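Derivation of every value follows stated rules applied to the coordinates shown; laboratory data play no part. Computed from a predicted model, the values in this text were never measured in an experiment. Don't worry about glycine lacking a Cβ; one is built from the backbone with ideal geometry, like all the others, and counts go over all protein chains shown.
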Amino acid sequence: MSGVSVTKETDDARPASGDLVVLSNVNKHFGALHVLQDIDLTIARGEVVVVIGPSGSGKSTLCRAINRLEPIDSGSISLDGKPLPAEGKELARLRADVGMVFQSFNLFAHKTVLENVTLGQIKVRKKDKALADEFARTLLDRVGVANQADKYPAQLSGGQQQRVAIARALAMEPKVMLFDEPTSALDPEMINEVLEVMQQLARDGMTMVVVTHEMGFARSAANRVVFMADGQIVEEATPEQFFTNPRSDRAKDFLSKILHH
Amino acid sequence: MFDFLEGYDLLGAFWVTVQLAVFSGIGSLVLGTILAAMRVSPVPLMRGFATVYVNVVRNIPLTVIIVFASLGLADIFGITLGAADDFDALSFRLAILGLTVYTAAFVCEAIRSGINTVPVGQAEAARAIGLNFTQVLSLIVLPQAFRSVIGPLTNVLIALTKNTTVAAAIGVAEAALLMKEMIENESQLILISAIFAFGFVVLTLPTGLILGWVAKRVAVKR
């Protein structure tokens with residue numbers, strides 16, 4: 001499935017359809033632990049892929065590998081036809097095109113909400129401050145925290161912080177958004193406000209890779225569910241098929257544990 | 001009671017002390033920050049250099065460094081910092097150089113401990129929006145690191161202020177040199193010592209109080 005697309009030549013003027021993120025034969029070790037084993041995964045433009053699986057299955061590592069926050073040992077990852085560069089300026093430019101939302105929000109603690117959302121626009125995209133401010137306010141309004149723009153992250157609730165983090169990532173106008181367990185650190189009553197923003201993004205056609213334990217979100221927003229266990233992709237299917245009729249025993253076992261009590 | 005003070009330029013001597021402290025304070029903050037950045041950089045050569053620098057310099061007595069600056073750098077290698085003909089200016093500049101080089105090692109370690117207090121997620125988020133190493137460090141990590149180490153840095157700056165007395169060893173006309181001269185010429189040993197001790201407290205106490213207040217003001221809430 002992915003073998004075809006890795007051979008594509010670098011080309012800036014590509015059509016709006018086709019494969020956006022291609023992982024091919026990706027391997028990664030943490031010491032003796034083989035955390036990603038021969039991962040092949042292709043994500044099409046506009047597709048929402050939800051990655052689920054038990055703890056330690058490598059799903060977060062997979063997500064972080066896509067913008068090279070985790071270096072990989074072998075294999076290749078390409079974004080929009082361009083292979084991921086090793087380090088330096090090229091990598092920084094490529095990261096700007098990949099939005100990332102973390103489990104622990106990671107908003108810049110010494111900057112206001114507005115500054116969090118404008119920083120990348122000004123320093124990376126070299127935008128004029130007034131334009132950056134305007135766009136930031138639009139995004140903050142879109143995620144429903146426009147009235148918190150001048151506060152510091154620590155003054156916001158977890159759900160608000162995570163929505164600001166989504167706005168910060170969107171401010172870079174990314175080609176793809178990565179969500180690494182975005183609701184796992186939230187109080188239960190705040191999970192929905194974040195999921196609603198993500199649902200809206202999915203409806204707007206954003207390409208998304210979402211690592212999550214929220215099965216409801218997987219069912220309603222995903223085009224495809226990728227089930228990982230022990231560093232491997234065990235099963236890929238539409239949400240409907242995966243939740244009603246999983247093929248692998250490992251997936252059946254996992255679903256029985258999370259759905260039946 | 002204080003007539004023995006006549007003929008001595010007490011304020012002038014302390015003014016030199018203040019200048020030594022301020023110039024080497026600024027110098028060591030700059031050099032120490034660069035060293036701290038090197039210690040966390042991804043380039044092994046830079047990390048190695050900064051580590052060796054810190055471990056060598058902080059273990060040499062300041063007197064040795066200052067005397068070497070005067071006898072070694074100036075007399076043997078002819079490094080005169082643009083003041084070859086003016087002995088006073090030369091000693092003054094060499095003392096600042098020595099104090100800066102020495103204090104920078106301590107500043108570096110204070111800042112490095114501050115960098116360690118910044119959660120790794122802050123740097124990851126900064127990298128994720130496309131900032132490069134220098135930007136991550138200067139925009140996200142160092143501003144937060146500085147705020148958390150104002151306390152330890154205050155200690156370093158107070159120690160620096162008192163360490164300026166070592167400059168007397170190479171003839172810089174600062175407070176300690178004048179004290180030595182006065183003790184030799186006058187009979188008021190205890191009173192003279194008390195006056196100079198008080199002078200240093202006047203310089204360092206406000207530093208501590210003001211920076212303590214600043215530290216509270218700018219603390220990063222998490």
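Assorted remarks:
- Summarised in one figure, the compactness ratio Rg/Rh of the protein assembly as shown, Cα atoms and Kirkwood Rh, is 1.14.
- A crude spin-label estimate for the pair A:Ala44 and A:Asp187, with each label 7 Å from Cα along the Cβ direction, gives 4.2 nm.
- Shielding by partners, peptide A:69-82 (average Cβ within 10 angstrom, other chains): 0
- Extension gain, A:His213 back to A:Ile258 (0.36 nm per residue minus Cα-Cα distance, nm): 15.3 nm
- Amide H contacts of A:Gly46 (H built 1.01 Å from N, under 5 Å, at least 5 apart or other chain): A:Thr207
- Computed lengthening from B:Val43 to B:Arg222, 0.36 nm per intervening residue step minus Cα-Cα distance: 61.4 nm
- Quarter of Cα convex hull surface for segment B:1-154, i.e. mean projection, nm²: 12.7 nm²
- Those residues of segment B:1-16 whose amide nitrogen sits under 15 Å from the label point placed on B:Glu181, 7 Å along Cα→Cβ: B:5-16
- Relative frequency of Cα-Cα separations exceeding 19 Å in segment A:11-129, percent: 56 percent
- Range in chain A, longest, excluding exposed GluC sites (Glu not before Pro) [loop by DSSP; at most 14 other beta-carbon atoms within 10 Å]: A:88-261
- The distance separating the Cα centre of segment A:200-255 from that of segment A:97-127 comes to 28 Å.
- Dividing the convex hull volume of the alpha carbon atoms of segment B:69-219 by its residue count gives 137 Å³ per residue.
- Computed [θ] at 222 nm, deg cm²/dmol, the protein assembly as shown (DSSP H ≥ 4; -39,500 (n - 2.57); rounded to nearest 500): -16500 deg cm²/dmol
- Within 10 Å of the Cβ of each residue in A:102-114, the mean number of Cβ atoms contributed by other protein chains is 5.
- Paramagnetic label reach from A:Gln37 (point 7 Å along Cα→Cβ; backbone nitrogen cut-off under 17 Å): within segment A:45-61, residues A:53-61.
- Once the Cβ-Cβ distance of B:Asp88 and B:Val30 is raised to the sixth power relative to R0 = 22 Å, the FRET efficiency obtained is 0.30.
- For segment B:1-53, alpha-carbon Rg and Dmax in angstrom: 20.0, 63
- Eigen-decomposition of the gyration tensor built on the alpha-carbon atoms of segment A:66-185 gives equivalent ellipsoid semi-axes of 26, 17, 11 angstrom, largest listed first.
- In segment A:128-261, Cα pairs under 8 Å separated by at least six residues give a relative contact order of 16 percent.
- Against the rule of thumb 2.2 N^0.38 Å, how large the Cα Rg of chain A comes out: 1.00
- Shielding by partners - mean other protein chain Cβ count within 10 Å, residues of B:216-222: 3
- In degrees, nearest ten, helix B:87-117 long axis to first principal axis of chain B (Cα): 30 degrees
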